[in-house]
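Every number in this text was worked out from the coordinates using simple rules, so none of it is lab data. Small disclaimer: the values here were computed from a predicted structure and weren't measured. Note: ideal-geometry Cβ built from the backbone for every residue, glycine included; neighbour counts use all protein chains shown.
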Amino acid sequence: MVLSDLAYQGPKRGADRAVLLAHGAGADMNAATLTTVADALADAKVPSLRFNFPYRAAGRRAPDRPAVLETAVREAVDELARRAKLPPDRLILGGRSMGGRICSMVAADADAGEAPLGLVLLGYPLHPPGRATQLRVDHFARLRMPTLFASGTRDAFGAPAELQRETKKLKGPVSFHWVETGDHGFKPLKSSGLTAAGVLADVAGAVVDFVTGLSSSR
């Protein structure tokens with residue numbers, strides 16, 4: 001498999017960390033959340049790489065099988081490491097919903113010396129809407145790196161209390177950034193006084209703070 005749709009932003013040399021951003025099931029690498037985060041990282045002199053999963057690159061709407069998605073993430077990790085001139089353990093993996101979940105699964109299976117520096121999970125799909133018992137947490141206990149969860153307080157894929165309960169399984173430090181009244185796509189209620197653009201900028205700022213705050217040594 002060769003990834004054909006890629007977007008690299010930020011410095012091409014000199015950075016000591018870089019971020020991989022994978023898209024959600026119904027979007028692509030140009031989704032507003034990912035581009036806003038990538039722009040904010042570039043402003044902070046942190047490289048990032050966005051990419052399209054194979055099904056999106058081929059113009060299909062239905063996601064690939066998990067094994068294909070995981071292979072795509074591993075190829076994207078290799079590409080980011082090559083472009084940023086960094087080893088895998090200096091990379092932070094993550095993205096929106098399904099993309100973040102697949103990145104976390106790849107991270108859970110990584111060898112000790114190849115595990116990412118951290119994870120950024122934007123709208124983690126803890127369970128399908130209305131099916132709270134179908135949890136997607138089997139790999140959580142194998143995650144030992146710092147992890148940021150950014151989630152809306154109205155997310156039908158996982159309420160704050162559910163997410164806080166299940167993330168206790170992670171072995172590494174866990175941070176949360178809550179989008180007040182935000183749904184799974186971070187869209188806030190009009191009554192909140194928040195705007196979609198403002199929310200995304202706030203999420204991007206939280207990602208930058210998390211990424212730049214990670215230790216430069218393991």
Name the residue from Tyr8, Gly113, Ala150 whose Cα lies farthest towards the positive end of the charge dipole of the chain, charges +1 on Cβ of Lys and Arg and -1 on Cβ of Asp and Glu.
Gly113
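Name the trypsin sites (Lys or Arg not before Pro) in the range 45-104 that are in a loop by DSSP and that have at most 14 other C-beta atoms within 10 Å, would you? Show your work: numbers first, answer last.
Values: sites: Lys45, Arg50, Arg56, Arg60, Arg61, Arg74, Arg82, Arg83, Lys85, Arg90, Arg96, Arg101; in loops: Lys45, Arg60, Arg61, Lys85.
Listed in order of number, the matching sites are Lys45, Arg60, Arg61, Lys85.
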Extreme residue, positive dipole direction of the range 6-213, given options Val199, Gly94, Ala58 (C-beta unit charges):
Ala58
Rg to Rh quotient for the range 62-181, alpha carbon positions, Kirkwood Rh
0.97
Size of the dipole of the chain about the Cα centre, Lys and Arg at +1 and Asp and Glu at -1 on the beta carbon, nothing else charged, in debye to 20?
120
Choose one of Val46, Pro128, Phe186: the residue whose Cα lies farthest towards the positive end of the charge dipole of the chain (beta-carbon charges +1 Lys, Arg; -1 Asp, Glu; about the Cα centre).
Pro128
Calculate the all-directions average of the projected area of the range 1-41's alpha-carbon convex hull, and give it in nm².
3.7
By counting other Cβ atoms within 10 Å of each Cβ, how are His184, His23 ranked from fewest to most?
His184, His23
Taking H as built 1.01 Å from N, whose amide H comes closer than 5 Å to the amide H of Ala156, not counting residues under 5 places away?
His184
Qualifying aspartates and glutamates (Cα of each under 15 Å from Cα of Lys171; at least 8 residues distant if same chain):
Asp109, Asp138
Over the chain, the sum of -39500 (n - 2.57) across DSSP H runs of at least four, divided by residue number and rounded to 500 deg cm²/dmol, gives at 222 nm -10500 deg cm²/dmol
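With Cβ to Cβ distances under 12 Å as the rule, what net charge do the other residues near Ala25 carry (K, R +1; D, E -1)?
Numbers: positive: Arg56, Arg60, Arg61, Arg96, Arg101; negative: Asp28, Asp64.
Spelling it out: positives minus negatives among the neighbours equals +3.
Count the net charge of all other residues whose Cβ sits under 15 Å from the Cβ of Pro125, scoring Lys and Arg as +1 and Asp and Glu as -1.
Numbers: positive: Arg96, Arg101, Arg131, Arg136, Arg154; negative: Asp138, Asp155, Glu162, Glu166, Asp183.
With Lys, Arg at +1 and Asp, Glu at -1, the net is 0.
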Might you report the magnitude of the Cβ-based charge dipole of the range 93-218 about its Cα centre, with Lys and Arg at +1 and Asp and Glu at -1, to the nearest 20 debye?
240
Points 7 angstrom from Cα along the Cβ direction at Arg142 and Arg82: gap in nanometres?
2.6
Can you run phi through the Karplus equation (6.51, -1.76, 1.60; θ = phi - 60°) for the range 123-128 and list ³J(HN,Hα) in whole Hz, with x for Gly and Pro?
x, 4, x, 4, 7, x
Collect residues whose amide H, placed 1.01 Å from N in the peptide plane, falls under 5 Å from the amide H of Asn52; neighbours closer than 5 in sequence don't count.
Asp5
So how long is each side of the range 1-133 along the principal axes, counting just the alpha-carbon atoms, biggest first, in Å?
45, 31, 28
Within a Gaussian network of the chain (alpha carbon springs, distance under 10 Å), most fluctuating of Arg136, Arg144, Arg13:
Arg13
Can you list the residues, at least 5 places off or on another chain, whose amide H is less than 5 Å from the amide H of Ala25, using H built in the peptide plane?
Met98, Gly99
